[in-house]
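FYI, it's all coordinate maths here, none of it is from the lab. Not measured: the values here are computed from a predicted model. Because the Cβ atoms are built from the backbone with ideal geometry, glycine has one as well, and the counts that use them run over all protein chains shown.
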Amino acid sequence: MGGLGLRNPFVSLFLIRDDLEKTPEELLADYEEEEEHAYRRAKERFEIREMERAGNKRGGGSDRGGDSFKDLKGEPFMSYDEYTRYRELTSARLAALYTNLLKEPKTKDVELKGDVKAALEDEDDWEDMSSYDKWVVQLFHREVVDMFGGLTVVDKALLPIGLMTMLRESRFQWQG
């Protein structure tokens, strides 16, 4: 009841700030760095195996893979561009990053403590409040207590029943 329904846009940002560790740009840069590292590791493994196979051939060892990859014998490891060409189809890490970026950040709940806990008559009222309202109460509780003697500004029992009925049945409503 009452109020213009105005909201401070910075409170909502404040409530999600802990869930935003890095910007999307930073997350993508981390992914690309890990991808480059994975490419270098795969290339090193490939080159080591190629050297081992060449050594085994001289020693009379068997050729693993047989005729399956005969057309690729002697070919160098793929380029970085080729390695990353279809990453959106093959990279589980990129899929997880994409899903993470689509998620809505979680709102941090405000804890009931100190002076607010002492001034609040019913802790159930606190649990029923939105995180936004809890933050506003935490921020302004001292001024409200100084002005009204507590956090209960309106005593519902003292409101005229006719006024309450009229407000409930009114054809005119505030739109927020």
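Hey, with R₀ at 41 Å, roughly what FRET efficiency would residue 19 and residue 51 work out to, going by the Cβ-Cβ distance, to 0.05?
On the way: r = 48 Å, r/R0 = 1.17.
Here the calculated transfer efficiency is 0.30.
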Reach of residue 108 by Cα under 14 Å, taken over aspartates and glutamates that are not fewer than 8 positions away in the same chain: 18, 19, 21, 127, 133
Net charge of neighbours whose Cβ lies under 12 Å from the Cβ of residue 98, counting Lys and Arg as +1 and Asp and Glu as -1: +2
